[in-house]
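Notes follow once the structure below has been shown.
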Amino acid sequence: MYLILLGPPGVGKGTQARFLVEELDAVQLSTGDVLRAAVREGSELGNTAKKYMDAGELVPDDVILGMIREKLEQLGDRSVIFDGFPRTTAQAEGLDGQLDELGRAVDTALELTVDDQVVIDRLSARRVHPGSGRVYNLIFNPPEREGVDDVTGEPLIHRDDDQPEVIRNRLAVYHKQTAPVADYYARRGKLVKVDGDGSVGQVRDRIFAAIGR
Ligand code: AMP
């Protein structure tokens, strides 16, 4: 099964992906997490990606699609939850092409919708455990102990691109380049929309209902 999570930054894709991973015995593939790991390692991919990420711009499609090809090979026939990918119509077309070569196809694109102001409020309060990608929210979903990850006890960070100025640019990029991806899947009869405004549990229940779980 190939399920795509669409929606603006901060809508809760990463958080909800974790529930879906468990429910569907799938693997989460977050291009943002892969890129951040590459930046930390200082690899060639990381060095290329960093300047785009710091500005809240998208990393070029060919770089992302190369990364996806490698990951799909590694994952074999595991089910995949894509989180933060595809971000452009060209990426959606590229993914369809790669899956087609493997005799596979995207099953569902699930779009989480929410107002921009909710995104700004959530991302300003978001904290992340860099090692695992686990996300917290200081207001709705705080860690048990302030400033540290529940599982490892390691420090949480406030991502550089979760600062207000960069958030605004990421939202602008989302509306211009990524919103058309939802239309791409709608035209193919694969789009399911879910209201992303609510508690983590409420949104999870809506998602499971929408995919018949
Ligand atoms: P995210 O964690 O998904 O919000 O991604 C953080 C940043 O990584 C984005 O602002 C982009 O710079 C970059 N990025 C992540 N996924 C993609 C993608 N599929 N296409 C292009 N850039 C991406």
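On the stretch given as the range 39-81, residues that are among the small types (Gly, Ala, Ser) and in contact with an Asp or Glu (Cβ under 9 Å, 6 or more places away or on another chain) total 3. Evaluating ASN47 against the criteria (1) under 20 Å from PRO180 (Cβ atoms); (2) part of a helix (DSSP H, G or I); (3) open to solvent by 50 Å² or more (accessible area, probe 1.4 Å) leaves one unmet condition, (1).
Listed by first and then second residue, the pairs linking a residue in the range 1-15 that is in contact (Cβ under 8 Å) with a residue 40 or more places away in the chain to a residue that is of a type in the set (S, T, N, Q) and surrounded by fewer than 24 Cβ atoms within 10 Å (Cβ to Cβ), with Cβ atoms under 7 Å apart and 6 or more places separating them unless they lie on different chains, are MET1/SER79; LEU3/THR108; GLY7/THR113; GLY14/SER30. Can you name every residue in the range 50-63 that is of a type in the set (Val, Ile, Thr) and either part of a loop (DSSP other than H, G, I, E, B) or within 7 Å of the ligand (Cβ to nearest atom) (or both)? VAL59, the sole residue that qualifies.
Residues are listed down the side, and each one gets a yes or a no for (1) free of Cβ contacts under 8 Å to residues at least 12 places away in the same chain; (2) of a type in the set (Gly, Ala, Ser); (3) surrounded by 12 or more Cβ atoms within 10 Å (Cβ to Cβ):
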residue	(1), (2), (3)
SER132	no, yes, yes
TYR136	no, no, yes
ASN141	no, no, yes
ARG145	yes, no, no
ASP150	no, no, yes
GLU154	no, no, yes
ILE157	no, no, yes
VAL166	no, no, yes
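Would a scan of the range 74-86 turn up a residue that is in contact (Cβ under 8 Å) with a residue 12 or more places away in the chain, open to solvent by 20 Å² or more (accessible area, probe 1.4 Å) and either within 8 Å of the ligand (Cβ to nearest atom) or in a helix (DSSP H, G or I) (or both)? I'd like the intermediate steps shown before the answer.
Pass one, the range 74-86, residues in contact (Cβ under 8 Å) with a residue 12 or more places away in the chain: 75, 78-86.
Filter once more, keeping what is open to solvent by 20 Å² or more (accessible area, probe 1.4 Å): 75, 78-79.
Filter once more, keeping what is either within 8 Å of the ligand (Cβ to nearest atom) or in a helix (DSSP H, G or I) (or both): 75.
Yes.
Report yes if VAL11 is more than 8 Å from the ligand (Cβ to nearest atom) and open to solvent by 30 Å² or more (accessible area, probe 1.4 Å), otherwise no. Taking the combined requirement at face value, the residue does not satisfy it. Would you be able to say whether some residue in the range 190-198 is without any contact (Cβ under 8 Å) to a residue 60 or more places away in the chain, farther than 25 Å from ASP61 by Cα and surrounded by 12 or more Cβ atoms within 10 Å (Cβ to Cβ)? There is at least one residue in the range 190-198 that is without any contact (Cβ under 8 Å) to a residue 60 or more places away in the chain, farther than 25 Å from ASP61 by Cα and surrounded by 12 or more Cβ atoms within 10 Å (Cβ to Cβ).
Of everything in the range 169-183 that is without any contact (Cβ under 8 Å) to a residue 60 or more places away in the chain and closer than 16 Å to TYR52 by Cβ, the residue that is least open to solvent (accessible area, probe 1.4 Å) is ALA172. What residue, among those in the range 15-31 that are open to solvent by 20 Å² or more (accessible area, probe 1.4 Å) and not hydrophobic (A, V, I, L, M, F, W, C), is farthest from the ligand (Cβ to nearest atom)? Here the residue is ASP25.
The values are calculated or read from the model by the stated rules, or taken from the named source; none is laboratory data. Every value quoted in this text rests on a predicted model; they were computed, and no experiment measured them. Using ideal geometry, Cβ is built from the backbone for each residue, glycine included, and neighbour counts are taken over all protein chains shown. Just so you know, the surface numbers come from the protein's heavy atoms only, side chains and all, with ligands and any DNA or RNA stripped out. Shrake-Rupley method; radii C 1.70, N 1.55, O 1.52, S 1.80 Å.
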